[in-house]
Structure formats: C-alpha cells, structure tokens
Amino acid sequence: IRHYSNIGLITNELTTPGGFRLFDEKKTISKIALIKKLSAQGKSLDEIKKQGETESTVKDILIVDDDIEVSDLIKDLLNGKINANIRVAFDGFLAGRMLDEAVPDLMILDLHLPGVDGFKICRSTRDDPHFSSTKILVVTGYDSSESQEKIASCGADAYLTKPFETSELMNVIGKLLE
C-alpha cells in the first residue's frame with residue numbers, strides 16, 4: 001500500500017497529526033485488486049496510473065442487452081450527456097470478455113440474454129472483488145415479485161422495467177454514478 005501510495009496509484013483518505021496516512025479499507029482493497037488484475041493483463045504501473053487518471057473524469061459504462069434497439073437508445077441517451085466510454089455487448093459471453101478488459105463504473109444489464117443469462121453475470125460480478133465499485137442497473141421486460149427478489153439477491157443496485165421512461169433511466173443512471 002505504501003509503494004502504491006508513493007507512486008500515486010492509491011490515495012489516502014486522511015493524514016494523522018503525526019503524518020501517518022489513513023486509507024479507506026474498501027476502496028484500497030478494490031484498487032489493489034484492480035492493480036493486480038491490470039498487471040496480470042501485462043500493463044505497466046505507468047499505464048495503470050494513466051488509466052486511473054482518465055477514469056476519474058471519464059466514466060466507463062457497459063451496456064449488456066441483446067436488443068439492438070434498446071442498446072442503441074441507451075447509448076444515444078448517454079452520448080453527450082455523460083462523459084463516458086460506452087461499450088455494448090449483445091450476449092453474456094461478450095459481456096464476460098469485456099469485463100476482463102476493463103472494470104466499468106456502471107453496467108446496464110438485461111437479464112434474458114443468449115449464452116450466459118443476466119442473473120449469472122450480475123451474481124458473478126458482485127462476487128468478484130475487482131468489481132466492488134461497479135454499479136449494476138438491471139433493465140428487464142419481466143417484472144414480477146419473483147424477478148425482483150432474484151434481482152435483489154444477485155446484488156443489483158437498481159432495476160427498471162421495459163419499456164421505461166427515458167427521464168427515469170437518466171435519473172437512475174445519474175444517481176448510480178454519483
């Protein structure tokens with residue numbers, strides 16, 4: 001932690017009167033996990049630091065939906081309104097590969113996908129410490145009390161049912177990215 005702090009990859013939350021740095025445990029563990037993951041992908045500490053600097057201003061959003069019209073609508077709504085790198089996956093397998101490439105700030109996830117279903121993606125993302133800071137918004141056309149319970153048990157931060165109001169979608173996204 002001291003090394004990563006000295007080179008600017010991890011920032012401390014407070015400094016004691018004696019000059020000791022204090023770190024937020026959850027943020028620090030998440031950041032170290034991300035550093036390890038990116039290092040395993042062959043990135044240098046300088047590359048990781050540069051990526052971290054751009055991540056603070058540019059959000060990374062992953063849209064996972066097999067309905068091209070819905071994906072395009074969400075992408076169009078976000079373009080120009082949020083400073084974000086927006087990636088789209090049309091099935092669960094591609095979503096998994098994209099999650100290996102970068103940790104999104106927000107994943108907008110449909111539940112019924114070809115390949116790996118959205119419930120499994122949500123659950124595995126929540127169980128992986130690399131994604132502890134990733135917010136998950138489930139967007140589904142299947143609204144039932146059973147689905148709501150299953151969505152909550154998978155660890156989603158919020159959910160909307162299709163069809164949704166665009167203003168409602170933008171409000172939820174805004175709250176999740178704060």
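The values are calculated or read from the model by the stated rules, or taken from the named source; none is laboratory data. Here the structure is a predicted model, which means the values were calculated and not measured. All Cβ positions, glycine included, derive from the backbone under ideal geometry; neighbour counts span all protein chains shown. The accessibility values were calculated without ligands, DNA or RNA, using every heavy atom of the protein model including side chains. Shrake-Rupley method; radii C 1.70, N 1.55, O 1.52, S 1.80 Å.
So, with a 1.4 angstrom probe, what is the percent of accessible area on the chain that is carbon and sulfur? Walk me through the numbers before you get to the answer.
Values: 5120 of 10050 Å².
Summing carbon and sulfur atoms, their accessible area is 51 percent of the total for the chain.
The largest-to-smallest principal axis extents of the Cα set in the chain are 55, 32, 31 Å.
Take the Cα radius of gyration of region 1-94 and divide it by 2.2 N^0.38 Å, with N its residue count; two decimals is plenty.
Ratio of Rg to 2.2 N^0.38 Å for region 1-94: 1.42.
Listed by chain and number, the lysines whose alpha-carbon sits under 30 Å from that of Lys31, ignoring those within fewer than 8 places in the same chain, are Lys43, Lys49, Lys50, Lys59, Lys75, Lys81, Lys120, Lys135, Lys150, Lys175. Less than 5 angstrom separates the built amide H of Val88 from those of Ile63, all sequence-distant by 5 or more or on a different chain. Close amide-amide hydrogen proximity is noted between Lys135 and Leu106, Met107, each under 5 Å apart and 5 or more residues distant or on a separate chain (H modeled in the peptide plane; Pro and chain starts excluded). Computed from phi, the 3J(HN,Hα) profile of region 127-142 under the Karplus parametrisation 6.51, -1.76, 1.60 (θ = phi - 60°) reads 7, 9, x, 4, 10, 4, 8, 6, 8, 10, 10, 8, 10, 9, x, 10 Hz, with x in place of Gly and Pro.
Output the peptides 167-177, 84-94 sorted from most to least packed, where packing is the average of other Cβ atoms within 10 Å over each peptide's residues.
Values: 167-177: 14.8, 84-94: 17.8.
Descending mean neighbour count gives 84-94, 167-177.
Think of a 1.4 Å ball rolled over the protein heavy atoms: the chain then has 56 Å² of accessible area per residue.
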